[in-house]
1. Does residue 257 count as outside any helix (DSSP H, G or I) and not basic (Lys, Arg)?
2. If you go through the stretch 267-284 one residue at a time, how many are part of a helix (DSSP H, G or I) and modelled with pLDDT of 95 or more?
3. Among the residues of the stretch 60-83 satisfying the criterion of being β-branched (Val, Ile, Thr) and under 15 Å from residue 100 (Cβ atoms), which is surrounded by the most Cβ atoms within 10 Å (Cβ to Cβ)?
4. Residue check: is residue 166 modelled with pLDDT under 95 and crowded, with 18+ Cβ neighbours inside 10 Å?
5. Kindly check whether there is at least one residue in the stretch 309-316 that is at pLDDT below 95 and under 14 Å from residue 284 (Cα atoms).
6. Does residue 319 meet the test of being of a type outside the set (Gly, Ala, Ser) and touching a strand residue (DSSP E or B) at 6+ places or on another chain (Cβ under 8 Å)?
7. Return a yes/no flag: does the stretch 1-13 have any residue that is touching a helix residue (DSSP H, G or I) at 6+ places or on another chain (Cβ under 9 Å) and not in a loop (DSSP other than H, G, I, E, B).
Amino acid sequence: MTTLLGVELAGRVVLVAGGGPVAARRVQALADAGALVHVVAPHVCEPLADLVVAGSVRWSDREVAEDDLDDVWLAHTATGDRVTDLAVVAWATARRVFCVDAGGPRRPAAGTARTPATTRAGDVLVGVVSTAGADPRRSVRVRDWLAAHLRTGAVDLRRRRAAPDRGRVVLVGGGPGDVGLLTVAGRRALAEADVVVADRLGPTDVLDELPADVEVIDVGKSPGHHPVPQDEINRLLVEQAQRGRVVVRLKGGDPFVYGRGGEEVQACRAAGVPVTVVPGVSSAFAAAAAAGIPLTHRGVVGAVHVMNGTDGWSAAALTGLRDRSCTVVVLMGVAALPGLVRDALAGGVDPDLPVAVVERATQDDQRVTRAPLHAVAAEARARGVAAPAVVVLGDVAAAGLLDVPTGGALEPSGAGSTTMGA
């Protein structure tokens with residue numbers, strides 16, 4: 001009867017007999033695990049030679065001998081020669097050393113251990129072996145199915161034994177709002193989370209899919225209302241991680257595009273807390289795509305400028321709009337829209353420059369308002385345009401550029417309404 005056993009090989013000697021491609025794959029996995037790999041073979045293939053040159057493994061360029069099994073923790077056979085492989089198995093068995101035998105197309109594996117087909121999800125390693133004799137192809141098929149399921153993030157991967165030195169923070173860019181645009185890596189991070197510190201924007205529906213005992217801390221901001229200041233958010237992230245918890249900071253869009261992700265990374269590093277970042281689909285780009293607006297289009301425009309509406313125009317943005325060489329995308333620009341229009345007109349931008357305002361991009365109630373620059377603020381006010389919304393200025397924002405109506409095939413979510421002001 002075969003059973004699965006996790007074996008810690010870091011810092012321990014492992015013998016690999018053979019120098020071909022099969023041996024190279026085994027050696028790479030062992031070296032990655034930190035094993036002290038000793039390869040014995042008259043010749044080695046190029047990938048193995050590279051590992052030898054890099055100092056990752058030790059190579060003895062000769063035939064394997066019985067005393068090579070002295071003081072090893074595990075042995076692998078991969079010479080391709082039946083007699084030699086079976087001899088290594090016998091030598092290992094006599095020394096009570098487990099041995100993985102590669103076998104071959106015309107003989108079953110004869111070793112006392114098997115290498116499972118593995119897949120990894122975070123710090124969880126899943127292995128598949130057959131208990132009725134080696135059947136690597138079947139094991140790989142099962143492994144691949146498990147890997148696909150793990151990638152969905154539907155499996156609860158939280159550690160049940162927290163430790164103060166194991167806490168960490170993961171900044172996850174959740175995308176513009178549609179849960180389907182949350183990346184696989186982001187969903188997997190949520191599957192490992194003990195606590196989620198969430199904004200009000202982004203794929204908040206995914207929170208309903210988390211286990212009931214995952215703590216969710218709402219730190220969402222709305223225009224003019226910031227109930228949890230950024231310094232307090234930084235403190236929460238550090239404090240939760242120092243308690244040994246895996247903390248996911250779920251943010252709308254991308255953490256590093258007007259998301260203050262850099263400040264949160266700095267706070268974690270200053271406190272000695274491990275922190276990683278999972279990029280997200282930025283609303284600066286997703287909103288335009290969902291509305292059927294290509295931010296760059298051959299023969300129309302080839303550059304994009306992204307800005308924060310509360311900061312006002314930069315010289316580069318105004319220049320790009322004046323000479324029609326740049327599409328400008330404005331985030332957090334709804335409240336600032338009247339002032340932006342006034343200053344753009346005063347700065348010499350064409351009053352008829354096309355503008356589109358995309359509200360609640362990628363969601364079922366997405367709405368697009370289009371108007372020329374001189375009329376867009378009044379049109380937005382008349383329609384009650386509200387945040388969250390993304391403003392796109394430039395020739396690509398003109399209706400009918402792609403001959404695809406808003407709400408058509410380019411929109412991943414439900415159909416949105418549109419209007420064109422005079």
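The values are calculated or read from the model by the stated rules, or taken from the named source; none is laboratory data. None of these values were measured; they are calculated from a predicted model. Backbone-built Cβ (ideal geometry, glycine too); neighbour counts: all protein chains shown.
1. Spelling it out, residue 257 is indeed outside any helix (DSSP H, G or I) and not basic (Lys, Arg).
2. The total comes to 4.
3. Only one residue fits best here, namely 77.
4. no
5. For the stretch 309-316, residues at pLDDT below 95 and under 14 Å from residue 284 (Cα atoms): present.
6. Criteria not met by residue 319.
7. no
Each row is one residue, and each column tells you yes or no for (1) in a loop (DSSP other than H, G, I, E, B); (2) touching a Lys or Arg at 6+ places or on another chain (Cβ under 9 Å); (3) over 21 Å from residue 117 (Cα atoms).
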residue: 25; (1), (2), (3): no, no, no
residue: 28; (1), (2), (3): no, no, no
residue: 37; (1), (2), (3): no, yes, no
residue: 62; (1), (2), (3): yes, no, yes
residue: 67; (1), (2), (3): no, no, yes
residue: 83; (1), (2), (3): no, no, yes
